[in-house]
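Visitor: I'd like to ask some things about the structure below.
The values are calculated or read from the model by the stated rules, or taken from the named source; none is laboratory data. Since we're looking at a predicted model, the values are computed, not measured. Virtual Cβ from ideal backbone geometry, glycine too; neighbours counted across all protein chains shown. Heads up: the accessible areas ignore ligands, DNA and RNA and are worked out on the full protein's heavy atoms, side chains in. Shrake-Rupley method; radii C 1.70, N 1.55, O 1.52, S 1.80 Å.
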Amino acid sequence: MNLDISLRSEIHKALAALFNQSVEQLQIQPTNKEFEGSHTLVCFPIAKVSKKVPEETAKLVGEYLLTHSGIVGSYNVVKGFLNLVITDQVWVEVFRSIYSNPNFGVLASDDKEIMVEYSSPNTNKPLHLGHLRNNFLGFSVAEIYKGNGYKVHKVQIINDRGIHICKSMAAWKLFGNSETPLSSGVKGDHLVGKYYVEFDKVFKSQIKELITKGVAEKDAEKQAPIMQLAVDMLLKWEAKDADTIQLWKTMNGWVYEGFSSTYKRMGVDFEKLYYESETYLLGKEEVLRGVENGAFIKKEDGSVWVDLTSDGLDQKVLLRSDGTSVYMTQDIGTAILRFRDFPNINKQVYTVGNEQEYHFKVLFLILAKLGYSWANECYHLSYGMVDLPTGKMKSREGTVVDADDLMAEMVNEAEKQTRELGKIEDMSDEEIKDLSEMVGLGALKFFLLKVDPKKRMMFDPAESIQLQGHTGPFIQYTHARIKAILRKADSLGILVEEGDLQKVTSLELAEREALFLINSYTNKIQEAANEYSPAVIANYAYDLAKEYNQFYQSIPIFNESDADKLKFRIAFSRVVADTIKKSMNLLGIQVPERM
RNA sequence: GGGCCUGUAGCUUAAUUGAAUAAAGCAUCUGACUACGGAUCAGAAGAUUCAGGGUUUGAAUCCCUGCAGGCUCACCA
């Protein structure tokens, strides 16, 4: 049975019978812990149609539900709040239907299809903490949509061309001495990143030198020899110069190799990769088409602009006067290509930091101007930056937290703490390694996902490595502990038949409260999808684990003398473990059998 | 300067489609394993929800003003 629907329908019946009225939106909320009951009907809005004061209205509705509904066992009224106590028989029935449904919480597919873009790094340096938030967020949102019955395509756009990679190439050419990942033992993305840093160092010193010679700063930036080399490489690349293309391919190849091991450890994946070098030309064509049909303006110097002043924005350049494309140009091409590749998608989500909100606002308007009706199906999943206790991450000041380093640290710390607790002495090194990976990454992912995406967040390394409290490992631990109970039940030969459950006629408070949470799982995954917010799931999983732990501490399972109750508690524990696992998987977090 | 976002216990966060005495974690203090896993649980203490006005039966939530912080407004990506 579906408790929410039944309850609503009973209340509607009550309102019709009592006041001959209907109320469109019933306000039902969880009952505060200090009062008895689980569901609370807020009666202030209903008072308007009942023509009675809220308290009186609440009493009438409560009394009607008590005598007519068969769901409500008792009620109490506090001010205008009607607190409803659902009978234990109904709770048991709700549980039975969840327990017997192996697909509980999996929403039926209605042929909806969505594309989620995330990650999308530049290829000149390794991934950092900010990318971790991006990747975990995008991956999780994709999983949440899957959980809502959507067909999901995970993609990314790789910014593989442009001045940034040319900078690394220039520095490597000057100082690299043919160093490769193989020759140096350095991971490919880190090696390329090293030369990007090298470029910046040399560039700065060259500027300084020029300035002491009396060159203006702005001119010095252009005249610096290493910058001229990088710009020269960019031009040669666009002219398809063979040597330049070769070097570009080689260095990008190193980066991809490095990224792929980073992605693997993160546990994220992609169905299809788009490369800027393959989409910017389509973007260019589209922009020129826009000029022909009057959507865009070509100025005298040859540059192409879109005028968005009627939308409250500015004019934006789409092609430079020399005909080369800008960032926006390739995003136009990429979007169009994606809707050609996947013509059935209803929605496209871009997981990109909030510093690009303006960019995406403009992009979507441009796509609409080009006549693509799907333009308003594009959504920018904007998230806040990750700050450190010392302030913003700044690559120039060397305060960037590297993704590979951070994951390694988290896993090491997890292993250290696991070994200290000494619960896994019979595990092989291999098993301990897998477990540490699960716990370390679980802690990191949960830490980054529990905060509302749109908010800026603080990453405190000391706090993130905590495995107690409001953390991923806390939830993983709860799961492992339930699994221990289930193993014991198996070893005792306790078998739960569906029919056994209905013999239970009374529940403990902690059981009712956990049941309330399990019952709200489907609502939560819908809410998480509507809001594009894994934080909804993270906090749900935490609440459920916490609630179960309270149950666990206060109520005996194997010492219960009533065999039916014992079986109920085993079954109940199993459902909690399953629900925790499903929720955590939506976050990209695995849960262990033991830890 | 224009636009967008944020401001909640010492710290990190919930609650933001308006609803009851604002909910957790960390840190601090006090308790709980001869019972099913103490990475747990129970309890104490901790809040003028940035400030001031307004709307409402009811405001952390909506509106206005101010303050503080962030992002953005490139022929950069």
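Visitor: Quick check: residue separation of residue A:151 and residue A:309 times 0.36 nm, minus the Cα distance between them. What number comes out in nm? Let's see the in-between values first.
Guide: On the way: separation 158, 0.36 × 158 = 56.88 nm, distance 3.75 nm.
The span from residue A:151 to residue A:309 would gain 53.1 nm if fully extended.
Visitor: If you don't mind, there's one more thing I want to ask. With +1 on each Lys and Arg Cβ and -1 on each Asp and Glu Cβ, and nothing else charged, work out how big the dipole of chain A is about its Cα centre, in Debye to the nearest 20.
Guide: Details: 70 positive and 82 negative charges, 138 e Å.
With Lys and Arg at +1 and Asp and Glu at -1, about 660 debye.
Visitor: Subtracting the Cα-Cα distance from 0.36 nm times the residue separation, let me have the gained length for residue A:260 to residue A:298 in nm, one decimal. Walk me through the numbers before you get to the answer.
Guide: Working: separation 38, 0.36 × 38 = 13.68 nm, distance 4.16 nm.
Length gained, residue A:260 through residue A:298: 9.5 nm.
Visitor: If you fit an axis through the alpha-carbon atoms of helix A:403-421 and take the longest principal axis of the Cα set of chain A, what angle between them do you get, 0 to 90°, nearest 10?
Guide: 40 degrees
Visitor: Separation between the residue A:249 and residue A:2 pseudo-spin-labels, each 7 Å from Cα along Cα→Cβ, expressed in nm?
Guide: Going by the 7 Å Cα→Cβ label model, 5.6 nm.
Visitor: Once you keep just the Cα pairs under 8 angstrom separated by 6 or more residues, what percentage relative contact order results for region A:381-509?
Guide: On the way: 93 pairs, mean separation 37.5, N = 129.
The normalised contact order for region A:381-509 reaches 29 percent.
Visitor: With a probe of 1.4 Å, find how much accessible area chain A has per residue, and write the answer as a whole number in Å². Can you show the working numbers first?
Guide: On the way: 27630 Å² over 595 residues.
Ligands and nucleic acids excluded, the figure is 46 Å² per residue.
Visitor: Which angle between 0 and 90 degrees, to the nearest 10, do you get for helix A:242-266 versus the longest principal axis of chain A when only C-alpha atoms count?
Guide: For A:242-266 against chain A, the angle is about 20 degrees.
Visitor: Per Stokes-Einstein, at 4 °C and 1.567 mPa s, what whole-number D in µm² s⁻¹ belongs to region A:161-270, with the Kirkwood radius over Cα pairs as the hydrodynamic radius?
Guide: This corresponds to a translational diffusion coefficient of 87 µm²/s.
Visitor: Hey, another quick one. Report, in debye and to the nearest 20, how large the dipole of region A:161-270 comes out about its Cα centre when Lys and Arg carry +1 and Asp and Glu carry -1 on their Cβ. Walk me through the numbers on the way to the answer.
Guide: Details: 16 positive and 14 negative charges, 29 e Å.
Dipole about the Cα centre, nearest 20: 140 debye.
Visitor: What FRET efficiency would be calculated for the residue pair residue A:9, residue A:470, taking the C-beta separation as r and a Förster radius of 41 Å, to the nearest 0.05? Let's see the in-between values first.
Guide: Details: r = 37 Å, r/R0 = 0.90.
Once the sixth-power term is evaluated, E becomes 0.65.
Visitor: Which residue, A:329, A:375, A:306, has the largest displacement toward the positive end of the dipole of region A:292-381 when charges sit on each Cβ (Lys, Arg +1; Asp, Glu -1)?
Guide: Farthest along the dipole direction, towards plus: A:375.
Visitor: Could you please state how large a percent of the accessible area of chain A is carbon and sulfur, counting protein chains only and using a 1.4 Å probe?
Guide: Values: 13770 of 27630 Å².
With neighbouring chains kept in place, the figure for chain A is 50 percent.
Visitor: A further question on this structure: Filter the cross-link list A:433/A:581; A:167/A:394; A:503/A:582; A:394/A:455 down to pairs whose alpha-carbon distance in this structure exceeds 22 Å. Could the numbers behind the result be given before it?
Guide: Values: A:433/A:581 20 Å; A:167/A:394 18 Å; A:503/A:582 28 Å; A:394/A:455 19 Å.
Cα-Cα > 22 Å for A:503/A:582; rest within.
Visitor: Which of the aspartates and glutamates could be linked to residue A:347 by a straight reach, that is with a Cα gap under 19 Å, when you skip same-chain ones fewer than 8 residues away?
Guide: Of all the aspartates and glutamates, those that pass the test against residue A:347 - Cα under 19 Å, at least 8 places apart if same chain - are A:110, A:111, A:113, A:117, A:143, A:271, A:331, A:357, A:377, A:527, A:531.
Visitor: Related question: Using the C-alpha gyration tensor of chain A, what are the square roots of 5 times its eigenvalues, in whole angstrom, with the largest one first? Display every interim value, and only then the final one.
Guide: Values: eigenvalues 585, 209, 77 Å².
Gyration-tensor ellipsoid for chain A: 54, 32, 20 Å.
Visitor: Here's something else I'd like to know. Taking only the alpha carbons of region A:344-412, what extent do you get along each of the three principal axes, in Å, biggest first?
Guide: Taking the Cα atoms of region A:344-412, the three principal extents are 50, 26, 16 Å.
Visitor: Right, next: Taking the dipole about the Cα centre of region A:55-201, with the C-beta of Lys and Arg at +1 and of Asp and Glu at -1, give me whichever of A:126, A:75, A:89 is farthest to the positive side.
Guide: A:126
Visitor: For residue A:364, what accessible surface area do you get with a 1.4 Å probe? Give it in Å², rounded to 10.
Guide: 40 Å²
Visitor: Give the Cα extents of region A:405-586 along the principal axes, in whole Å, largest first.
Guide: Largest to smallest, the principal-axis extents are 53, 44, 23 Å.
Visitor: Quick check on chain A: of the DSSP beta bridges with both residues there, what percent are antiparallel, nearest 5%?
Guide: Numbers: 22 of 44 bridges.
Just about 50 percent of them are antiparallel.
Visitor: Further question: Which of the aspartates and glutamates could a cross-linker bridge to residue A:125, judged by Cα under 13 Å and excluding same-chain residues fewer than eight apart?
Guide: A:160, A:189, A:198, A:200, A:257, A:402, A:404
Visitor: Suppose we keep just the DSSP beta bridges with both residues in region A:3-86; what percent of those would be antiparallel, to 5? Display every interim value, and only then the final one.
Guide: On the way: 13 of 13 bridges.
Given both bridge residues lie in region A:3-86, the antiparallel proportion sits at roughly 100 percent.
Visitor: Sticking with this structure for a sec: Cβ neighbours within 10 Å, averaged per peptide: list A:531-543, A:174-186, A:269-281, A:230-242 in order, most packed at the top.
Guide: Numbers: A:531-543: 23.0, A:174-186: 12.8, A:269-281: 17.2, A:230-242: 15.4.
Output ranking for A:531-543, A:174-186, A:269-281, A:230-242: A:531-543, A:269-281, A:230-242, A:174-186.
Visitor: Which of the lysines could a cross-linker bridge to residue A:33, judged by Cα under 18 Å and excluding same-chain residues fewer than eight apart?
Guide: A:79, A:546
Visitor: Determine the alpha carbon to alpha carbon distance for each of A:423/A:445; A:173/A:208; A:151/A:298 and list only those over 30 Å. Mind dumping the intermediate values first?
Guide: Values: A:423/A:445 24 Å; A:173/A:208 22 Å; A:151/A:298 41 Å.
The pairs that break the limit, which is 30 Å between Cα atoms, are A:151/A:298.
Visitor: If you count only protein heavy atoms and use a 1.4 Å probe, how large is the accessible surface of residue A:498, to the nearest 10 Å²?
Guide: Per-residue accessible area (residue A:498): approximately 80 Å².
Visitor: Calculate the spin-label point distance for residue A:492 paired with residue A:505, positioning each point 7 Å from the Cα along the beta-carbon direction, and give it in nanometres.
Guide: Output for this residue pair reads 2.4 nm.
Visitor: Follow-up. How long is the gain from residue A:317 to residue A:93 if the chain were fully straight, where each residue apart is worth 0.36 nm and the alpha carbon distance is subtracted? Kindly include the intermediate steps, with their values, before the conclusion.
Guide: Numbers: separation 224, 0.36 × 224 = 80.64 nm, distance 6.28 nm.
Full-extension gain reported as 74.4 nm.
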